[in-house]
Amino acid sequence: MPERYPIEITPPDISRYREGNTGVDYVHTLDSGKPGSSVMVQALTHGNEFSGAIALDYLFRQEVRPARGKLTLAFANIAAFARFDPAKPSPSRYIDEDYNRVWADGVLDGPRDSAELRRARELRPFVDAADYLLDLHSMSEACRPIMVCGKSEKSVALSRRMGVPADLLLDTGHPAGLRMIERGAFNDPQSPRTAILIETGQHWEKSGRGGYRHDAAVPDGYRRSRRRLGEIAAPPQAACGSAARARYRSRGRKERELPVRAPMEGARSRPEGRNASGK
Ligand SMILES: [Zn+2]
């Protein structure tokens, strides 16, 4: 089936980030040396959704450092990303199975083997050590960016504090398997540990609906969240042009007036038309 959307953004070269400081390839932990939360930002949960890799590349280039606590930056399914082919982009979503469906203990501790399970087992200690997790995705269909909050109040509260994107999707998980944002304490209303998932727009569309700059979204959201949460030191400069930023801020003000979307039924519910990303 021919791709409906042209590849307008370029996959970043992330080879320089292979050797991290954690003993696990493509996983870096930046420690402020001061007390504070552990924050994990993960890109490439799906190998064909590389806007998150662009965002992490940006953070590394800006030499971002946490002001307090620890910040872990991880590229997840690098094996799938490595086989990205602009002529046939969709198969690079995963190698053997969806990396974002294997996060139940019974699956991680079970006897099955796959490229994604091996990688999930490597990253599990980092996920389980995170007080806050932001999982970076994009969508198959053109759509405004949304924050996927699962169904917990604390995830909605964190998403509202971040403020970007303004549209929230409250869903009930995925029937095919446990997603990272629902793993363990993330899914426990009594635990303060919180995970959310951003869908930054169509995978490869540079300028999405409403003039939204796909490849600038996460750094912009990052700067806002840093102001709100006060956890992470600011990068010295913005990722996108001033015109794009102004447009985005304007949109953000308008969007914040919108109500949170009502809880929707399962993974098939979409906020705007059909979204085949699968999260
Ligand atoms: Zn995804």
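Write out, first by first residue and then by second, each pair whose Cβ atoms fall under 9 Å of each other, whose residues are 6+ apart or on separate chains, and whose first residue, in the range 133-153, is free of Cβ contacts under 8 Å to residues at least 60 places away in the same chain and more than 11 Å from Glu205 (Cβ to Cβ) while the second is polar (S, T, N, Q) and away from the ligand (no atom under 12 Å from the Cβ).
Short answer, once both residue conditions are applied: Met147/Ser155; Met147/Ser159; Cys149/Ser155; Cys149/Ser159; Gly150/Thr172; Gly150/Asn187; Ser152/Asn187; Ser152/Thr194.
Take the conditions under 19 Å from Val41 (Cβ atoms), under 15 Å from the mean Cα position of the chain (by Cα), more than 16 Å from the ligand (Cβ to nearest atom) and not in a helix (DSSP H, G or I) and apply them to Val148. Does it pass?
no
So, of the residues in the range 128-141 that are within 16 Å of the ligand (Cβ to nearest atom) and within 17 Å of Leu44 (Cβ to Cβ), which turns out to be surrounded by the fewest Cβ atoms within 10 Å (Cβ to Cβ)?
Ser140
Given the conditions (1) away from the ligand (no atom under 16 Å from the Cβ); (2) surrounded by fewer than 22 Cβ atoms within 10 Å (Cβ to Cβ); (3) within 19 Å of the chain's Cα centre (by Cα), and given that Ile9 satisfies all but one, which numbered condition is not satisfied?
For Ile9, the failing item is (1).
Give me the residue from the range 17-45 that is free of Cβ contacts under 8 Å to residues at least 12 places away in the same chain and over 20 Å from the mean Cα position of the chain (by Cα) and, out of that set, farthest from Arg124 (Cα to Cα).
Gly33
Could you go through the range 29-39 and let me know if any residue there is more than 17 Å from Ile196 (Cα to Cα), surrounded by fewer than 22 Cβ atoms within 10 Å (Cβ to Cβ) and touching a Phe, Trp or Tyr at 6+ places or on another chain (Cβ under 8 Å).
Yes: the range 29-39 contains one or more residues that are more than 17 Å from Ile196 (Cα to Cα), surrounded by fewer than 22 Cβ atoms within 10 Å (Cβ to Cβ) and touching a Phe, Trp or Tyr at 6+ places or on another chain (Cβ under 8 Å).
Taking the range 168-181, which residues are buried (at least 21 other Cβ atoms within 10 Å of the Cβ) and of a type outside the set (A, V, I, L, M)?
Scanning the range 168-181 gives Asp171, Arg179.
Could you list, in sequence order, the residues of the range 70-112 that are under 23 Å from Tyr132 (Cα atoms), more than 16 Å from the chain's Cα centre (by Cα), away from the ligand (no atom under 15 Å from the Cβ) and of a type in the set (A, V, I, L, M)?
Residues satisfying the conditions are Ala104, Val107, Leu108.
If Leu73 meets every condition in (1) surrounded by 14 or more Cβ atoms within 10 Å (Cβ to Cβ); (2) over 19 Å from Ile14 (Cβ atoms) apart from one, which number is that one?
(2)
For the list (1) modelled with pLDDT under 95; (2) over 22 Å from Thr200 (Cβ atoms), I need the number of the one condition that Val102 fails.
With (1) modelled with pLDDT under 95; (2) over 22 Å from Thr200 (Cβ atoms) applied to Val102, the lone miss is (1).
The values are calculated or read from the model by the stated rules, or taken from the named source; none is laboratory data. All values reported here derive from a predicted model rather than from experimental measurement. Virtual Cβ from ideal backbone geometry, glycine too; neighbours counted across all protein chains shown.
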